[in-house]
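So the structure is just underneath, and the comments pick up after that.
Each reported figure results from applying straightforward, stated rules to the coordinates on display, with no laboratory input. Treat the numbers as computed from the prediction; the structure is a model and nothing was measured. In this analysis, Cβ positions are derived from the backbone assuming ideal geometry, glycine residues included, and neighbour counts consider all displayed protein chains.
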Amino acid sequence: MAADLLTTRGVDGLQFAEVAAAAGVTRPLVYRFFPSRRALILAVLEDYADDLTGRFARGALRSSGTLDEITRVFVEAVCDTIEDKGVGPWHLLDSKGPDPEVARLGREIHDRLMDPWRVRFARHMSMDPRESTTVARMVVAAGRAVLELWAAGELTREEAVRDTARGISALLAAFAADPDRARRRPIADNGARRNRRDN
C-alpha cells in the first residue's frame, strides 16, 4: 500500500495518515511498526529491492549466464517489480530530490543493487574496481532512461526490454573491445607478480 501511495502521490504523499487509511488501520498501529517517516520509506525501498533481487536471482538461475542474457533477465525483473509494486520506489532508488535523507537512502539501496553487476563485469571483462563501478553506473543509467519511457507509456514492455538489452550490450561490447584497457591490465598484473616475487 505504501508503495502504491509513493507511485500515485510521490514522497510527499507518503504520510502516516494516508498509509493507515489505505491499509484500513489506525495511525498508532502504523507508528508501532514504523516509528518515523524515514523508517517507513526505508521499509518500502527495502521491500522493493528485495523483491527485485529475488526476481533477478530466480531469472538468472534459468538463464544461459552470458552478459546479454543476464541483462535481459535484469530488465525483465525490473519491469515485473514495477508492474507489481508501482514505479514510485523505482524513482526513489536514484533520487536527487529535495529531501536529502530520502535521496541518501535511495542511493544506498541503489548501490547495493549494483554490487552484483560490478562483480560480474570484473569477472567477465577483467575490469578493475574503478572501471567496473563506472560501467555498472552507466548500465543502470542507460536502463533507467529506457524504462522511464516504458513507465510513462511511450514504449511497450517488449520494446523497452529489447532496446535496453540492445543498448547495454553495445555499451559492454565497447568496453570489452577497448585496446587500451587490454594493454593496461597485463602490465598491472605483471607488476603485482614481480612485487610478490621480490617480497
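Taking each residue as 0.36 nm, the span from PHE33 to GLU46 lengthens on full extension beyond its C-alpha to C-alpha distance by 3.2 nm. For segment 68-113, the Kirkwood hydrodynamic radius comes to 11.4 Å, computed from all pairs of different C-alpha atoms. Spacing of the modelled spin labels on ALA103 and ARG123, each 7 Å from Cα toward Cβ, amounts to 3.5 nm. The alpha-carbon atoms of segment 42-184 define a convex hull whose volume equals 110 cubic angstrom per residue. Under 16 Å from a label point set 7 Å out along the Cα-to-Cβ vector of ALA21, no amide N atom of segment 42-83 is found.
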